[in-house]
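Here the structure comes first, spelled out in structure tokens, and everything after it is commentary.
FYI, it's all coordinate maths here, none of it is from the lab. Quantities reported herein were computed from a predicted structural model and do not represent experimental measurements. Neighbour counts are summed over all protein chains in view; Cβ atoms, including those assigned to glycine, are modelled from backbone coordinates with ideal geometry.
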Amino acid sequence: MNGVINEKITVVVPVFNEQESIAETISRLIRIREISCNEVDFDLIFVDDGSSDASLMKLREASSQHSFIKVLALSRNFGHQIAITAGIDYSDGDYVAVIDADLQDPPELIVDMYRRAKEGFDVVYGKRRSRAGETVFKKVTASVFYRLLRYMCEIDIPSDTGDFRIMSRRAVDAFNSMRERHRFVRGMVPWLGFKHVALEYERAERFAGVTKYPLKKMIAFAVNAILSFSSKPLTLAIRAGLFTILVGMAGGAYMLYLKLFTDVVVPGLTAILLTIVIFGGIQILLIGVVGEYIARIFEEVKGRPLYLVGETINV
């Protein structure tokens, strides 16, 4: 090393009610910055996503002591993916890393990702070999989530990955040009198509606090991902409709055969009611799928900003 630092990494950290772990997260990131000071420069952007605990207060304290710690406090809770987007919008580094504040993804790997990126990759993403501290149910549902996503979506989303990654400035600028409201960052980045590579690691237990993605949010997250990157639900709706028509025609033909050529009495009211209930449910489901896509169009055409910043520090 010649002692001259030519490049900078901006680390984006979305924060929502992480008062138990935020001090340790800051400490470890500062330590990495000090260790790597002869190789690459660092600045940190913490995006407070409307926390209701002491997270923002702790971020204010840290930013008052270190000018390289920047804070964006959003005006309310806009969601994890929007918070990541806000941080990336305000980044100015040659490379931009994204990591959550719960310390399940080791910050120390950011430098390893940077070195890997310098080999000619625009995106280096963390791929989990294991998921410590998670229940069997969580691991199974996560595995199903990624496999379903890969089947339903029209882009190749790497399995067993999250938002932990580093991107070159070229990739960041391209990402910033995508302004859709319903965001799925781990799908948007592969959509860019730049050269990418995985860096495998062992995922640690959450340092403190509770997960911000319980089952209900994970299901909503999966639905959002599928609807944002695939039209397959509409294709499946068409297929379900055709299948329903074929079943109805086959059932009608069979009942006509029984009526004309046999002495079998075709049950009336029960069969009719059951058919109405089943096909009525299918119709409502398919209308709901179409409605979800229309609702997204409605949200997009309003043209509201993705987020509003209530406070900035050192920015």
Antiparallel DSSP beta bridges within the chain, percent to nearest 5: 30
Nearest-20 debye value, the stretch 8-230 charge dipole, Cβ charges on Lys, Arg, Asp, Glu: 620
Contour minus Cα-Cα distance for residue 223 and residue 35 (0.36 nm per residue): 63.5 nm
Value of relative contact order over the chain, rounded to a whole percent, pairs C-alpha under 8 Å and six or more apart: 22
Highest-first arrangement of 56-66, 108-118, where packing means the average Cβ count within 10 Å: 108-118, 56-66
Kyte-Doolittle mean at least 0.0, axial Cα span of 27 Å or more - DSSP H helices of the chain: 232-261, 269-301
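If the chain between residue 141 and residue 302 were fully stretched, how many nm would it gain, using 0.36 nm times the residue separation less the Cα-Cα distance?
54.5 nm
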Fully extended contour minus Cα-Cα distance, from residue 287 to residue 119, at 0.36 nm per residue: 55.6 nm
Value in Å of the Kirkwood radius, where the chain supplies the Cα pairs that are averaged: 22.2
Over the stretch 1-152: Kirkwood hydrodynamic radius from C-alpha pairwise inverse distances, Å: 16.7
Whole-angstrom Cα spans of the stretch 26-92 along principal axes, big to small: 38, 23, 16
Protection-proxy order for peptides 21-33, 171-183, 272-284, each taking the mean of Cβ atoms within 10 Å per residue, highest first: 21-33, 171-183, 272-284
Mean projection area, nm², convex hull over Cα of the stretch 232-301: 5.5
Residues with amide H under 5 Å from that of residue 45, placed H, sequence gap 5 or more: 11, 12, 13, 70
Residue 310 long-range amide H proximity, modeled H, under 5 Å: 73, 74, 75
